[in-house]
Structures are given as C-alpha cells and as structure tokens.
Amino acid sequence: MQELIQPGDIYEDGSFHPCLCIGIDDAGFAWGISLIDGSYPRTTDLYKSGIRRLTIEQAWEWKTRGPQAIAADWDAEHPIE
C-alpha cells in the first residue's frame, strides 16, 4: 500500500473517481462515496490497486475534468510496454 488511507481521507478509486473514505475493512479494502456522482460503496483493495490519496484541490480537478480525462492522462504517463 503506497499511502495509508484512513476514514475521512479523499482517495482515487480504480475508476479514477475521487472518493471520501468512510471505512477500511479487515481485509484491506477502503470503501467510500464517489465525489463525482455520489455512488457507493466505492470499494478498492488497498494492497493491490495502487490507489492514492488526493488533496482537496486534486479532488476538485478530478470532479471538473471528469474521470475519463484523468484516466487518459494516467494512460499517457504510464504506457503499457
């Protein structure tokens, strides 16, 4: 797990949604609420997914630009070899 995510943190889930972390279960999954569309629970495996904690400013950028644009940026920066 790259960063320790805790309840109350904002994190990026596997679908590039900024999410408010509501809890961490015993198996190492973060679950929260999407700040894009309010969907929940947005569960993410903290040990396998490589999710990252976001700042409030990053969460707003993810919200205004949309998950597709953020995903495209990620793909451009991390090409599959």
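Checked against the criteria, GLY38 counts as at pLDDT 85 or above and on the phi > 0 side of the Ramachandran plot. Return yes when PHE29 is of a type outside the set (Ser, Thr, Tyr) and under 10 Å from the mean Cα position of the chain (by Cα) and no when it is not. When the stated conditions are applied, PHE29 does not pass them.
The values are calculated or read from the model by the stated rules, or taken from the named source; none is laboratory data. Source: prediction; values computed, not measured.
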